[in-house]
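A short worksheet on the structure shown next.
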């Protein structure tokens, strides 16, 4: 399993077995919403704020 | 056979057996170039002057 | 100033609309769709259209690069230029533009749509977004020189990408900057119908607060349409007409009161 | 003022051309083709292209209503707007237009092409013709407000119909009204070749009288291209560059002298 760290609180993150690109996950430590960018190597970014009203 | 007349010299014109729409014919009397518009009934108009240079 | 929205349905009588417009004294801008043409072209080119439904219940077309190509061919190309051609044949000196031309309609790319896929919450991005600014300098330049703008998607985002957007949202931004008194939408129905399957159930008059109520109960695309109309009134429109674009004289009939006339209620919250 | 003609071939490096143009100080107008896109679209839509050869030896595409739809989708839609989009991404505030928009390029419909069919001399008419006037007011309006015009067919005839035309003829009329000093044609070859199958046989310099001689021996489309270049010089162009549009920096290389430079001969008949 590949590791990464939360861009908000730097906490270590381990990719779940069925992790998928574009998946939204929650940092178990600080609760930030993160977006999986790549699975191998495992990398995440903070997910963009939800649009104030609905998507396009 | 359907008849018509030359729009230039008014001479009587008889449609040839295999006359076709858009065909260019020459008035046997005045030599004008005529365009067959319809075959049944047979109708002709004077053909447009040839473009000064080549077609499009 | 009048804003004319020509829907993209197959049965819209564009010839009739343009003929009527040629008799108009008041200046107008045309915004048009082409969804029927786009879908037909997609089918003929064996391009399958992907619909995504966001977790908050709104469904929309997933606009990848191929979809933007389709918009360029169907909206910006075939539909826009056939409307411009018809205008020219009726004495209306039209100029067709997308939002990309001269940055006519500037928008912000969607940060992403949250969807559920393989039981996972995911975020997907495409070439779509919302308009927020019109290049009024260019629009006025055309209008002042007696050209009639005929506008359509795509619009342009902050990085200069062509992005898909909703024509109804474009009209909201256009109306906000133009203060157009009347907006006429030509659709493939006699107007708003009490019962969607009964053409005779046209509601002839509504006011803006009715629209707000309707919006709460509506779903999907119709919810979005009502929301856009609601915003028009927030930005100062006085009249929105939802009229039948299929009949012989769509514009004349609309101005004679056929279809659904939506007006600002005298005691609405915006006065 | 520079006129940039971007050929419609598949291998033309549009991205490279636009990138180079973004560094240009001199003002320019882009005219572009899209024949490869048109043919690909026609094939995918199972539309067969009809070529007619007039009795005087010139072959051309027969432009019926369906062909004009194809031009709107391929030239006016996809190609034009992707070029405009690329310009916007490179800091060039482009506005894409056909000749129909604002009557930008006005032409005269062909009275008919004389062809031989079933051993008969026939006259056939289609939606094609020759440009004779540019709406200079609209063009200057755009240029003076720092917009870069990106023009393409169709053009508009006397009755307001969209008609097919040759981009080379459009450039002749454009140059005549603009007195542009230099015209650069980007094609899918290193320039004019002594031997058409030998890319190394580029002719680096020619003058306008050479062109007149070449024209007499040439056939079909190439004869027409030479005739158009010949006319450019008659209307006052000083330099025509035929340059390779496929390489990495097509514009920079052309201006550095790569390709075929055709200049007015000091003792030509026009001085």
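The values are calculated or read from the model by the stated rules, or taken from the named source; none is laboratory data. Quantities reported herein were computed from a predicted structural model and do not represent experimental measurements. Backbone-built Cβ (ideal geometry, glycine too); neighbour counts: all protein chains shown.
Structure summary
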item: Subset of segment D:88-113 [modelled with pLDDT under 95 and at the interface with another protein chain (Cβ under 7 Å from one of its Cβ atoms)]; result: D:110, D:111, D:112, D:113
item: Positions within segment D:143-155 being at negative phi and either facing another protein chain (nearest Cβ under 8 Å) or in a loop (DSSP other than H, G, I, E, B) (or both), in sequence order; result: D:145, D:147, D:153, D:154
item: Hits in segment D:232-252 - residues which are free of Cβ contacts under 8 Å to residues at least 60 places away in the same chain and crowded, with 18+ Cβ neighbours inside 10 Å; result: D:233, D:240, D:241, D:242, D:243, D:244
item: Subset of segment B:25-43 that is surrounded by fewer than 17 Cβ atoms within 10 Å (Cβ to Cβ) and within 11 Å of chain D (Cβ to nearest Cβ) - its residue that is farthest from residue D:116 (Cα to Cα); result: B:37
item: Total residues in segment C:1-33, condition closer than 13 Å to residue C:245 by Cβ and assigned to a loop (DSSP other than H, G, I, E, B); result: 8
item: Check on residue C:85, out of contact with any helix residue (DSSP H, G or I) (no Cβ under 8 Å at 6 or more places or on another chain) and at pLDDT 95 or above; result: yes
item: Matching strands (runs of 3 or more DSSP E) fully within segment D:70-132 where at least 3 residues are in contact (Cβ under 8 Å) with a residue 12 or more places away in the chain and under 19 Å from the mean Cα position of the chain (by Cα); result: D:94-98, D:105-109
item: Within segment C:156-271, helices (runs of 4 or more DSSP H) holding 3 or more residues that are under 27 Å from residue C:16 (Cβ atoms); result: C:167-178, C:220-234, C:250-255
item: When residues of segment D:88-100 are limited to those that are touching a helix residue (DSSP H, G or I) at 6+ places or on another chain (Cβ under 6 Å) and more than 19 Å from residue D:27 (Cβ to Cβ), the one surrounded by the most Cβ atoms within 10 Å (Cβ to Cβ); result: D:100
item: Those residues of segment C:34-69 which are more than 14 Å from chain D (Cβ to nearest Cβ) and in a helix (DSSP H, G or I), in sequence order; result: C:35, C:36, C:39
item: Considering residues of segment D:123-140 that are under 22 Å from residue D:232 (Cα atoms) and facing chain B (nearest Cβ under 8 Å) only, the residue surrounded by the fewest Cβ atoms within 10 Å (Cβ to Cβ); result: D:130
item: Of residues in segment C:71-87 being over 16 Å from residue D:75 (Cα atoms) and touching a strand residue (DSSP E or B) at 6+ places or on another chain (Cβ under 6 Å), the one nearest to the other protein chains (Cβ to nearest Cβ); result: C:87
